Amino acid sequence: GAGADNDLYINQAVVFIEDAIQYRSINHRVDSKSLWLYRWYYSRTCQWILSLTITVILALAFIEEPSSLTVTSDVRYRLPAWNPPCGLTESIELLCFLVFVVDVSVKSYLIGWKEFWKNKWLMAYILTLIVSLTDWIVSLSFFCKESVRIRRILRPFFLLQNSSMMKKTLKSINSTLPEMASVVLLLAVHLSLFTMFAMLLFARTKDNQQDKEWVVYFRNLPDSLTSLLVLLTTANNPDVMVPAYSKNRAYSIFFILFTVLGNLFLMNLLTAIIYNQFRGYLLKSVQSSLFRRRLGIRAAFEVLSSLKETPASAQQSCVSVGALLQVLQKVEMDSRCKQAILRSLKMCSCDQLSAAQFQKLFEELDKDAIKQHPSSPEYQSYFMQKMQFAFGHPYFVYLGNVVALANIISICVVLVVDADKQPSERDDFFLGAINCFFILYYLLEMLLKILAMGLKRYLSYPSNRFDGLLTVILLILEIATFAVYGFPHPGWRPEFMGLLSLWDMVRLVNMLIVFRFLRIIPNMKFMALVVTTLLDLVKNLRAFAGILVVVFYAFAITGIMLFKGAVVPLGNTRYSNFLQGAQKNSKAEFTGGCTPFSIKKVVVLYFKEKNVVSWCSARFQAEVIYCLLYVLSVHLICRWAKIYFVAWWLISSVIWVNLFVALLLENFIHKWDRRCQRESLSDIEYQRTVELMFRDVLEEPTEEELMEKLHQHPHLLLCR
């Protein structure tokens, strides 16, 4: 009946508006059951479960063999790590896979069969699950003893496919690769030419004493290329040029030319190209997000205009205010936006809304989030008014900053004076006394600010919350110190008592005091601009951090599989005992383990002591042969390891760092250009998202484009 149709249209409008809020695609099923399933899938509970599942499956790598559950990473001191029994992590993994199977099944059903074949991400999702489950079965069949686990490398894909912004970012990076490839190719040519020059310039001569540059850095083509590639990262500068420079100062010209052309020109040119191209592609991505939002709002208008209560005599499509109010009651959206839309509806005198009016109402979604601070209390007493004026004045804040600076200086003086003293010679009286004085001042300052501003207004400022929290922690620590060790007095050096010694307590208090000095940042406009830029990047550019996690995770797992057992630690008992015994019996100077740098000494020692009865055993010969084979394998692995680390350097340092610099510049320039248009941050705080960062340069889609896209909807039939 008409009532059922109206309920369906209302629910469709609710879902379309929620899609618009989250920049989601509206190309999904729109029948009653599918809409219920759709809202359930995108509910906070389901999304939280999915996020938790992704976190758990990524965290499994920390407890799987080789386990990272050790306090120290030093092989000489760490205890054997706990490795879970076979089947424990596999059971957790299977539960995660079942959640992912449900996830991909719901997604595939909601978008429909035709849209499924167009969605490459969903197809890759299913393929990843099939490969992972197959590898899981193989792992169990080998009783968890297999050395290669393909599914571990595929785990970051689950994080990647769950974020639409990460997908857009990855697509933008992929589109930027051709331009980056041209500069990377130029870098390769630069490296190749200078490698050939270096091999000719530092060729082997008759004088072995003058061939240090050739022996260490330019012995052959792979070593020469590696040396210059490392020099491009400045990791071996100036070590790589010291032997040649010691021989002749003129050789420095070669290294200066290489560094200037490579680092100052080509690397910065790469940054400029990435900034220009990636910003353009990211802008296109954000433009498509804006189109999705406008399309979702227009779709909601179209289904609401199909309600039976809409007047048939209307010359153009319109939506009743009452229908929109029903929709707003069901929509999950930010309370600020909802209240702003309701206020606009109350101010509107008409009962029907046109498409333009309907769209304009939801432009509140595009506006900056403005946080108004509560007003200060109004005191009737003249004395209290004067107190409020005095302690609410900016000069009182400046006084607090001066006191905080004096506290930092006093701590520095004490640390410099006591730097070379033994703990038994140190007198903590002065440091304890000044800490007590300054903490009492911080407490008094906090109370006076609350008196002047009121508790709500005081807590509405992040700097005050930061300041007040540290003050309370400092006060608690100071009270605990006095309760355990008494009040400061000359010769205040009590023995260790409780969980922490006195010196540990004092150090903890001083570290918090130093940390508290960051309160000056909001009072320095340029520094505040820089800090807010960084905070915006942390809050809004989570997609880039997510892709960085994907890259780190994939390379870490690949490195574990490639180099597992390739290098025996120097603290290994077997080789250290063997080498110590050899050194003791030969009375030779011998250090190091079984590495390419010490194998020559092992061989020389072997032939030198060959006739000695105690070392002429088959066991010693077997150990030397094993050591030779080990060094040979390490040498071969090191050759192939160069490809792994060069790929890591290109992706993480060259490409990703430049992408981050480009986005940092864009965000900073945007804030710098708008700093004169904004009111003081003391009264109003503006919160911006990635989409709002480009809002001024985005183009609004036309009505023809929106209607054409709506008519292409695979599951929605419009009346016009």
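The values are calculated or read from the model by the stated rules, or taken from the named source; none is laboratory data. Note that the coordinates shown come from a computational prediction; the quantities given were computed from them, not determined experimentally. Reconstructed Cβ throughout: ideal geometry from the backbone, glycine too, with neighbour counts over all protein chains shown. Ligands, DNA and RNA are excluded from the accessible area calculation, which covers all protein heavy atoms including side chains. Shrake-Rupley method; radii C 1.70, N 1.55, O 1.52, S 1.80 Å.
Within region 98-115, the set of residues being free of Cβ contacts under 8 Å to residues at least 40 places away in the same chain and surrounded by fewer than 16 Cβ atoms within 10 Å (Cβ to Cβ) comprises Leu98, Val101, Val102, Ser105, Trp113.
Of all residues in region 259-299, those being within 21 Å of Lys709 (Cα to Cα), among the hydrophobic types (A, V, I, L, M, F, W, C) and either open to solvent by less than 20 Å² (accessible area, probe 1.4 Å) or free of Cβ contacts under 8 Å to residues at least 60 places away in the same chain (or both) number 5. Among the residues of region 652-685, those identified as modelled with pLDDT of 55 or more, open to solvent by 70 Å² or more (accessible area, probe 1.4 Å) and over 16 Å from Ala272 (Cα atoms) are Trp672, Asp673, Arg675.
Here is a list: Phe396, Phe389. Which entry is closer than 30 Å to Lys456 by Cβ, at pLDDT 85 or above and exposed (fewer than 13 other Cβ atoms within 10 Å of the Cβ)? Outline the logic, then answer.
On the way: Phe396 fails: exposed (fewer than 13 other Cβ atoms within 10 Å of the Cβ).
Step by step, each of Phe396, Phe389 is checked, and only Phe389 is closer than 30 Å to Lys456 by Cβ, at pLDDT 85 or above and exposed (fewer than 13 other Cβ atoms within 10 Å of the Cβ).
Filtered by the rule that a residue be open to solvent by 30 Å² or more (accessible area, probe 1.4 Å), under 27 Å from Trp117 (Cα atoms) and either in a loop (DSSP other than H, G, I, E, B) or among the charged types (D, E, K, R) (or both), region 1-34 gives Gln22, Tyr23, Arg24, Ser25, Asn27, Arg29, Asp31, Lys33. Residues in region 331-362 that are of a type in the set (Gly, Ala, Ser) and free of Cβ contacts under 8 Å to residues at least 40 places away in the same chain: Ser335, Ala340, Ser344, Ser349, Ser354, Ala356.
Filtering region 225-237 to residues that are surrounded by 15 or more Cβ atoms within 10 Å (Cβ to Cβ), hydrophobic (A, V, I, L, M, F, W, C) and more than 14 Å from Phe202 (Cβ to Cβ) leaves Leu229, Val230, Leu232. Within region 166-210, the set of residues being of a type in the set (Gly, Ala, Ser), within 30 Å of Gln277 (Cα to Cα) and touching a Ser or Thr at 6+ places or on another chain (Cβ under 9 Å) comprises just one member, Ser172. Of all residues in region 345-363, those that are under 9 Å from Cys318 (Cβ atoms), of a type in the set (A, V, I, L, M) and part of a helix (DSSP H, G or I) total 1. Against the definition (outside the structural domain of Phe555 (by the TED database), modelled with pLDDT under 90 and of a type in the set (A, V, I, L, M)), how does Ile137 come out, yes or no? No, not satisfied. For the subset of region 365-376 comprising residues that are open to solvent by 30 Å² or more (accessible area, probe 1.4 Å) and modelled with pLDDT under 80, which member is nearest to Ser317 (Cα to Cα)? Of everything passing the filter in region 365-376, Lys367 is nearest to Ser317 (Cα to Cα).
Pick from region 168-222 the residues that are under 23 Å from Val242 (Cβ atoms) and β-branched (Val, Ile, Thr): which of them is surrounded by the most Cβ atoms within 10 Å (Cβ to Cβ)? It comes out as Thr195.
For region 84-97, the set of residues classified as open to solvent by less than 30 Å² (accessible area, probe 1.4 Å) and small (Gly, Ala, Ser) consists of Gly87 only.
What do you reckon, is Phe194 touching a Gly at 6+ places or on another chain (Cβ under 9 Å) and closer than 21 Å to Lys642 by Cβ? Yes; evaluated as a whole, the condition is true for this residue. The residues in region 547-563 that are more than 14 Å from Ile150 (Cβ to Cβ) and either surrounded by fewer than 17 Cβ atoms within 10 Å (Cβ to Cβ) or in contact with a His (Cβ under 6 Å, 6 or more places away or on another chain) (or both) can be counted, and the count is 7.
Considering Leu440, Leu470, Leu448, Leu474, which residue is open to solvent by 80 Å² or more (accessible area, probe 1.4 Å) and either at pLDDT 85 or above or aliphatic (A, V, I, L, M) (or both)? Lay out the reasoning, then the answer.
Numbers: Leu470 fails: open to solvent by 80 Å² or more (accessible area, probe 1.4 Å); Leu448 fails: open to solvent by 80 Å² or more (accessible area, probe 1.4 Å); Leu474 fails: open to solvent by 80 Å² or more (accessible area, probe 1.4 Å).
On inspection, the qualifying residue turns out to be Leu440.
Taken together, the residues in region 57-83 that are open to solvent by 50 Å² or more (accessible area, probe 1.4 Å) and at pLDDT 90 or above amount to 0.
Can you find a residue in region 238-255 that is in a loop (DSSP other than H, G, I, E, B) and either surrounded by fewer than 17 Cβ atoms within 10 Å (Cβ to Cβ) or touching a helix residue (DSSP H, G or I) at 6+ places or on another chain (Cβ under 8 Å) (or both)? Step through it out loud before you land on a result.
Our first condition is that a residue be in a loop (DSSP other than H, G, I, E, B); within region 238-255, this holds for 238, 248.
Filter again for either surrounded by fewer than 17 Cβ atoms within 10 Å (Cβ to Cβ) or touching a helix residue (DSSP H, G or I) at 6+ places or on another chain (Cβ under 8 Å) (or both), leaving 238, 248.
Scanning region 238-255, I find at least one residue that is in a loop (DSSP other than H, G, I, E, B) and either surrounded by fewer than 17 Cβ atoms within 10 Å (Cβ to Cβ) or touching a helix residue (DSSP H, G or I) at 6+ places or on another chain (Cβ under 8 Å) (or both), so the answer is yes.
Checking the structure you have, find out if any residue of region 57-66 is in contact (Cβ under 8 Å) with a residue 12 or more places away in the chain, in contact with a Ser or Thr (Cβ under 6 Å, 6 or more places away or on another chain) and among the charged types (D, E, K, R).
Initially, region 57-66 is screened for residues in contact (Cβ under 8 Å) with a residue 12 or more places away in the chain, giving 57-58, 60-61, 63-66.
Among the residues that remain, those that are also in contact with a Ser or Thr (Cβ under 6 Å, 6 or more places away or on another chain) are: 60, 64.
Remaining after also requiring among the charged types (D, E, K, R): 64.
For region 57-66, residues in contact (Cβ under 8 Å) with a residue 12 or more places away in the chain, in contact with a Ser or Thr (Cβ under 6 Å, 6 or more places away or on another chain) and among the charged types (D, E, K, R): present.
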